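> Here it is, the structure, as structure tokens.
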Amino acid sequence: MKYPVLSLIASQFEIETLDYEFKEINQGYINNTFFVLVEGIPKYILQRINKGVFPNIPTLMENMVRSLNYLSGEGYQSISLIPTKNKKPFLTLEDGKCWRMMTAIENSIAYSTSEDPVIAYETGRILVRFHSLLQKAPKDKFQESLVHFHDLEYRGKQFYQALEMPNELTIEPAKNAINFAKKNLQLLLEAEPTHLPIRICHNDTKLNNILFHKDDKKALCLIDLDTIMPGRFYYDFGDAIRTLVNTSPEDEKDLTKINFSKTQFESCIDGMKEHSSFLRQDEIESLAFGAVLMPFLHGLRALTDYLDGNKYYKVTYENQNLDRCLSLFEFTKLGQINYDYMEETIIKKFKL
């Protein structure tokens, strides 16, 4: 489609004057994202950054610009940020809305789920390649663009605050989820390995934030770099596992379809070994914990948002956040059931 408003916005960036068309990308929950096409082929990505979710856009963009200086090398496809005509990394309109533009990668595709062990292997490989490239980045220059993003204690406080505003119409359908959250929150807080080193993490490594080549399935790079900031490696591992090892959609209503694919898990670990020399042994030993923590944390956030009136995540129907929560908590349970298996597999694969 032509989208005259988008054409006007795109014209504010340093790109050729061509007859562009636009196609909305509907995979994300937060930003509004569009392909910028030339004769049907994506050439750029145009994205409106959600200021309601990301209140500190200058810091977010500083982190992104800095990280892109390092995210280029063998086995990793670089992405370029297109500056505005005023040489700025993003555009701020008179209405306060912020937009950015990046290069698109030709013949690339993203998956929300996959049962393909090649995709799982490549997910593991590109995840550690991303981290290995960022080892040279100055960690002290990166700031938290989202304070307390993966802070389980803080997310727990938000959850209990949401419960203080009782609404039987929302609480009644969520009773099982609320009980599960209360039971597991303290257990995970006590088990969290907070002594591990702080690294520059992506912090949102769900499967559809990885681009693959359409033909050979080779992982190309990580996208949606809004959340690049300090974190711990098990955040990124657990986030990838929750969408890779469970081959059902994140908002799957039939909880019997939520599964834990050992084939996908083992293929992912195999892929990780190629570039993982930077990881400490205790970080590797924390991976199974990350695979339980991250689905629980995301489930807790979805539950909190549901109780709070769906203010954070995009929803297409009233109880979608509750469905997300229930499926994520179901996968958390599977992670707990398979915890010993994960630890044994990781030890064997990494030969600890």
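> Under 20 Å Cα to Cα from Lys43, which aspartates and glutamates show up? Leave out anything in the same chain fewer than 8 places away.
Glu14, Glu16, Asp19, Glu21, Glu24, Glu106, Asp215, Asp224
> Right, here's the next one. Compare Leu322, Leu81, Leu244 in a GNM of the chain, Cα atoms joined below 10 Å, and give the one with the largest fluctuation.
In this elastic network of the chain, the residue with the biggest mean-square fluctuation among Leu322, Leu81, Leu244 is Leu81.
> Translational diffusion coefficient of the chain at 4 °C, 1.567 mPa s, Stokes-Einstein with Kirkwood Rh over Cα pairs, in µm²/s as a whole number.
62
> Counting pairs of alpha carbon atoms under 8 Å apart in space and at least six apart in sequence, what relative contact order in percent does the stretch 221-290 give?
40
> In terms of modelled amide H atoms, which long-range or inter-chain residues lie less than 5 Å from the amide H of Leu37?
Sorted by chain and number, the residues that satisfy this are Glu21, Phe22, Lys23, Lys43.
> Using only Cα positions of the stretch 153-236, each an equal point scatterer, no hydration layer, compute I(q)/I(0) via Debye at q = 0.22 Å⁻¹ and quote the log10 values to two decimals.
-1.05
> Pairs of alpha-carbon atoms within less than 8 angstrom and 6+ residues apart define the contacts here; what relative contact order does the chain have, in percent?
Across the chain, relative contact order equals 18 percent.
> Enter the accessible area per residue of the chain (Å², integer; probe 1.4 Å; all protein chains in place).
Spelled out: the 1.4 Å probe surface of the chain, per residue, equals 46 Å².
> Then there's this: What does the extension gain come out to for Tyr339 and Phe278, with contour length at 0.36 nm per residue minus their alpha carbon separation? Spell out each step's value before the answer.
Numbers: separation 61, 0.36 × 61 = 21.96 nm, distance 2.41 nm.
Extra length available between Tyr339 and Phe278 comes to 19.6 nm.
> About the Cα centre of the chain, what is the dipole size in debye to 20, counting +1 per Lys and Arg Cβ and -1 per Asp and Glu Cβ, all else neutral?
Around 640 debye, computed over the chain.
> Below 8 Å between Cα atoms, with a sequence gap of 6+, how large is the relative contact order for the stretch 1-137 in percent?
Relative contact order, the stretch 1-137: 23 percent.
> Right, something else. Which one, Phe289, Ile200, Phe212, is farthest towards the positive end of the dipole of the chain when Lys and Arg carry +1 and Asp and Glu -1 on their Cβ?
Selected residue: Ile200.
> Continuing with the same structure: Tell me the trypsin sites (Lys or Arg not before Pro) within the stretch 244-352 that lie in a loop according to DSSP and have at most 12 other beta-carbon atoms within 10 Å.
Within the stretch 244-352, the qualifying trypsin sites (Lys or Arg not before Pro) (loop, at most 12 other Cβ atoms within 10 Å) are Arg280, Lys311, Lys351.
> Which helices pass in the chain if a helix is a full DSSP H run, must span at least 27 angstrom along its long axis by Cα, and must have mean Kyte-Doolittle hydropathy not below 1.0?
Correct list, ordered by number: 287-307.
> Another question about this same structure. Sticking with the crude label model, points 7 Å out along Cα→Cβ, report the distance from Tyr160 to Gln143 in nm, one decimal please.
3.0
> Counting only protein heavy atoms, what percent of the accessible surface of the stretch 160-303 is carbon or sulfur at a 1.4 Å probe?
The computed percentage sits at 48.
> Taking square-rooted eigenvalues a ≥ b ≥ c of the alpha carbon gyration tensor, is the stretch 181-296 rounded, prolate or oblate, where a/c under 1.5 means rounded and, failing that, a/b exceeding b/c means prolate?
Since a/c reaches 1.5 but b/c is at least a/b, the shape of the stretch 181-296 is classed as oblate.
> So, one more: What is the sum of charges around Asp95, taking Lys and Arg as +1, Asp and Glu as -1, for the other residues whose C-beta is under 12 Å from the C-beta of Asp95?
Taking every Cβ under 12 Å from that of Asp95, the sum is +2.
> Now, a different point. Tell me the GluC sites (Glu not before Pro) within the stretch 153-240 that lie in a loop according to DSSP and have at most 12 other beta-carbon atoms within 10 Å.
Those that pass, being in a loop and sparsely packed, are Glu164.
> Then there's this: Kindly count the pairs of lysines across the stretch 157-217 whose alpha carbons are less than 23 Å apart, treating pairs on different chains or eight or more residues apart as eligible.
Taking the stretch 157-217 as the scope, the lysine pair count is 6.
The values are calculated or read from the model by the stated rules, or taken from the named source; none is laboratory data. Just so it is clear, the structure is predicted and the values come from calculations on it, not from any experiment. Please note: Cβ atoms are built from the backbone with ideal geometry, for glycine as well, and neighbour counts cover all protein chains shown. Surface areas here come from the heavy atoms of the whole protein model, side chains and all, with no ligands, DNA or RNA. Shrake-Rupley method; radii C 1.70, N 1.55, O 1.52, S 1.80 Å.
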